[in-house]
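I have placed the structure first, in the form of C-alpha cells, so that the comments after it can refer back to it.
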Amino acid sequence: MPPSADAMPAPADAAAAGDDVRMISSKELRAHASPDDLWISISGDVYDVTPWLPHHPGGDLPLITLAGQDATDVFAAYHPPSARPLLRRFFVGRLSDYTVSPASADYRRLLAQLSSAGLFERVGPTPKVQLVLMAILFYAALYLVLACASASAHLLAGGIIGFIWIQSGWMGHDSGHHRITGHPLLDRVVQVLSGNCLTGLSIAWWKCNHNTHHIACNSLDHDPDLQHMPLFAVSPKLFGNIWSYFYRRTLAFDAASKFLISYQHWTFYPVMCIARINLLTQSALFVVTEKRVPQRFLEIAGVAAFWAWYPLLVSCLPNWWERVAFVLSSFTICGIQHVQFCLNHFSSEVYIGPPKGNDWFEKQTAGSLDISCSPWMDWFHGGLQFQIEHHLFPRLPRCHLRKVAPTVRDLCKKHGLPYSAASFWDANVLTWKTLRAAALQARNTTSGAAPKNLVWEAVNTHG
C-alpha cells in the first residue's frame, strides 16, 4: 500500500534535495545497522544518525534497536512534528522500495488526527492535583511520625509514604513521556523533586529503562521489563541462557535460577512487597556507574536527598520494631504499583529478537493488556489501565486515553489484531497462570550454567 498523504508529513528532505536524490534499497539500509554505522528510514527518507547517537535525548538503545530499518511509526509516536526538520542534516537518500502496511497507514492517520486536535498539548489538571495531594499526604505522614506516639499512627504513616511513592511513580511516568507543566525547566524541577528526592529513584535511570521497554515491547532479549532472572521468567524461552541487549550480559538459567523460578508463582507477590529495594539499588548504580547520565550531578544530588530524609524520618521512631514495620509498610503499599507494572505485559505475547519498525502497531497491541475499570477508578491505575493506547500514543496525556480507546479497539478489529483487556482481578489471574506455567516447565528443564552463590545472584538481579 502506498503511503497515505494525510498519514504523515511529506518527506520534505527528499524534495528539498531536488532531483539528485540517492535511491537506497531496504537491503542496503539493513547493512547499516551497527552503532558505528547506523541508518534509519522515516517516511521513506533515509538518515545516517551515527553522529547523533551519543546525543539522542532518549538514549542510544532505541536507535541501536531500530538500526537499519524503517522507524516511521516509532518516530511519530515519540516526537512532535517540530522534531522532523532536525533530521535534515542527516539525510542521505530515499528508499526505493518504501511501502506502508494498511495497519500502519491507519495508525498514522489517527496519530495525525489526535495531533491536529491538540490533544498532545492538553494535559489537564491531573499533575497539579497530584502535586497538591502528595504535599498534603507528606505533611500528614510527618505529623503522624513526629507528633503522635501511637504505633498504629506510625504504621499508617509508612503506608502513606508508600502511597505517595505510587503517585510519584505516575507523575514520573507522565513527565518522562510528555510535558506536564508546559515549561521544560519546571518539568525538570518536578521530575527531580517528586522522583529522585521523594522516592530515591533517578528519573534518568527510569527513562533509559522505560524508553527501551516501549521500543522493544515484550522482546525477551531486548525489553528490560521482562528480564527478571533469576527470580522470574514469563516464558520457557528464557531458559536458553539468552543475551540481554539492555543489561549487556547473559540471563543465565543455572541451578539457582531453576530453583527460584520453579516456585515463582508463589513468590511473586511477596517479592513485589520488597521490590523497591531492587529499584533503589539499580537507580543508585546507574547514576554512579553509567557512562552517559544527563545532568549526573543533579541526578545524584536528588537521590542523595532521599537517602538523607527517609532514614532520618525512620530514625525518629521510638524503637526498632516500629522502624522495621514503617519501612515494610511503605514498601508493601508501593508494591501494589509493582504488581500493576507486571499485569500489563507478563501474560501477553512475547518474542525473541529486535522489534521491527514496520510492524509497530501490531507489536504494541500484541504485547500489551488493558485493565478494564470504571472511570472513577482511573486514579488507581495512573493511566496504565489503557496500556495499549499508551504504547501506541506514549506522548498522549492520560486524561485522553479513555476517549481514544474505542477508536483504537475498532482499528484493531478492522485489521484483525488482538485487543486484550481484563479486569484487575482477571489480569492478576492471567499473570499468576503465566508464571505457574513457566515454573512447571522450569522444573523439568536442565539448567545450562553452573550454579552461582545465591547471594551473588540476588545482588545482581535486574529488572
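The values are calculated or read from the model by the stated rules, or taken from the named source; none is laboratory data. Computed from a predicted structure; not experimentally measured. For neighbour counting, all protein chains shown are included, and Cβ atoms are generated from backbone atoms with ideal geometry for every residue, glycine included. Ligands, DNA and RNA are stripped out before the accessible areas are found, and what is left, the full protein with its side chains, is counted by its heavy atoms. Shrake-Rupley method; radii C 1.70, N 1.55, O 1.52, S 1.80 Å.
Run the accessible area of the chain with a 1.4 Å probe and give the carbon-and-sulfur part as a rounded percent.
For the chain, the apolar C and S fraction of the accessible surface comes to 66 percent.
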With Cα atoms, 0 to 90° folded angle of helix 320-343 axis to the chain main axis: 30 degrees
Under 19 Å Cα-Cα from Lys363, which lysines qualify once same-chain neighbours fewer than 8 residues away are excluded? Lys237, Lys413, Lys414
Label-point separation in nm, Ser25 to Leu146, each point 7 Å along Cα→Cβ: 7.2 nm
Amide H of Asp70 versus every other amide H placed in the peptide plane: which residues, excluding those fewer than 5 positions away on the same chain, fall under 5 Å? Ser41, Gly357, Asn358
Which sequence of Arg276, Arg30, Arg443, Arg296 reflects their accessible areas, 1.4 Å probe, from the largest down? Arg30, Arg443, Arg296, Arg276
Calculate, in whole percent, how much of the Cα-Cα pair population of segment 106-158 lies beyond 12 Å. 73 percent
Taking Cα atoms only, Rg over Rh for the chain with Rh from the Kirkwood formula is 0.98
Once both axes come from the Cα atoms, what is the angle between helix 276-289 and the longest principal axis of the chain, in degrees from 0 to 90, rounded to 10? 60 degrees
Which whole number of Å³ per residue matches the convex hull of the alpha-carbon atoms in segment 48-102? 103 Å³
Thinking of segment 46-186 as a set of Cα atoms, what percent of all their pairs are more than 18 Å apart? 71 percent
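In deg cm²/dmol and to the nearest 500, what is the mean residue ellipticity at 222 nm of the chain if only DSSP H runs of at least 4 residues count, each as -39500 (n - 2.57), divided by the residue total?
Helices in the chain give a 222 nm mean residue ellipticity of -16000 deg cm²/dmol.
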Length gained when the stretch Thr99-Thr446 is fully extended (0.36 nm per residue, less Cα-Cα span): 120.4 nm
What is the helix-to-structure angle for 126-146, meaning the angle in degrees between its Cα long axis and the longest Cα principal axis of the chain, kept from 0 to 90 and rounded to the nearest 10? 20 degrees
Which whole-Hz ³J(HN,Hα) couplings does segment 241-246 yield from phi under the Karplus relation 6.51 cos²θ - 1.76 cosθ + 1.60, θ = phi - 60°, glycine and proline marked x? 6, 7, 8, 8, 6, 7
Residue (of Ala103, Trp307, Gly158) at the positive-pole extreme of the chain, dipole from beta-carbon charges: Gly158
Ignoring ligands and nucleic acids, what accessible area does Thr281 show with a 1.4 Å probe (Å², nearest 10)? 60 Å²
Could you rank the peptides 74-87, 134-147 by their average count of other C-beta atoms within 10 Å per residue, with the highest value first? 74-87, 134-147
Identify all aspartates and glutamates with a Cα-Cα distance to Lys403 below 19 Å; exclude those on the same chain that are fewer than 8 residues away in sequence. Asp106, Glu121, Asp174, Asp370, Asp378, Glu389
Evaluate segment 106-264: find the radius of gyration of its Cα atoms, find its Kirkwood radius, and give the ratio Rg to Rh. 1.08
Amide H neighbours of Leu38 under 5 Å, at least 5 residues apart or on other chains, H built in the peptide plane: list them. Val49, Thr50
For Gly93, distant residues with modelled amide H under 5 Å away: Val46
What relative contact order, as a whole-number percentage, does the chain give when Cα pairs under 8 Å and 6 or more residues apart are counted? 20 percent
